[in-house]
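Reading through the structure tokens given below for one structure.
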Amino acid sequence: MASIFTKIINGEIPGHIVAEDDHYIAILDINPLVKGHCLVIPKIEEDYIFNLEDSELSRLILFSKNVAKKIEKAIPCLRVGVAVIGLEVPHTHIHLVPLNAMDDINFSRPKLNPTQEELVKTADIIKNQD
């Protein structure tokens, strides 16, 4: 069965896309830790990040770097944190989280619940960065 991320990639369900190429997609987390929290996902459905071929993993990291640079320009933060948890959805994904404090990347704290309008606005701001 296709993961929720594959369904977003295939256009079966909506996602707030901030960047995309032939191999990867970056979307806003719909229940973010902080505003601008994004997920970077390979379009191939692989559950565990370290099962990716070396070249695929390298390209995923470089794509993530480009998305992080867009986030830094769009969202006031000291830097963008990176986390790979891998337990919540069986499809490799990297969390990019704008950080102003260590607690901003604490996954045990309550998540934000932005409106669709807020998500669209945030996605557009990030997407339109050079």
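The values are calculated or read from the model by the stated rules, or taken from the named source; none is laboratory data. Everything quoted here is computed from the prediction, not taken from an experiment. In this analysis, Cβ positions are derived from the backbone assuming ideal geometry, glycine residues included, and neighbour counts consider all displayed protein chains. SASA here: full protein model, heavy atoms, side chains in, ligands and nucleic acids out. Shrake-Rupley method; radii C 1.70, N 1.55, O 1.52, S 1.80 Å.
Some values worked out for this structure:
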{"read-out": "Estimated 222 nm signal from helices in the chain, with DSSP H stretches of n ≥ 4 weighted -39500 (n - 2.57), rounded to 500", "value": "-9500 deg cm²/dmol"}
{"read-out": "Nearest-ten-degree value, helix 54-74 long axis tilted from longest Cα axis of the chain", "value": "20"}
{"read-out": "F50 accessible area, 1.4 Å probe, all protein chains in place, Å² to nearest 10", "value": "140"}
{"read-out": "Listed pairs K7/K65; K35/K69; K35/K121; K73/K121; K43/K65; K65/K111 exceeding 20 Å between Cα atoms", "value": "K7/K65; K65/K111"}
{"read-out": "³J(HN,Hα), Karplus 6.51/-1.76/1.60, whole Hz, each residue of segment 9-25, x for Gly, Pro", "value": "4, 7, x, 6, 9, x, x, 8, 7, 10, 6, 7, 9, 5, 10, 9, 9"}
{"read-out": "Computed magnitude of the charge dipole of segment 2-63 (debye, nearest 20; Cβ of K, R +1, Cβ of D, E -1)", "value": "340"}
{"read-out": "By average C-beta atoms within 10 angstrom, highest first, the peptides 61-69, 82-90", "value": "61-69, 82-90"}
{"read-out": "Percent accessible area from carbon and sulfur atoms, the chain, protein chains only, probe 1.4 Å", "value": "55"}
{"read-out": "For the chain, alpha-carbon Rg and Dmax in angstrom", "value": "13.7, 39"}
{"read-out": "Accessible surface, the chain, averaged per residue in Å² (probe 1.4 Å)", "value": "58"}
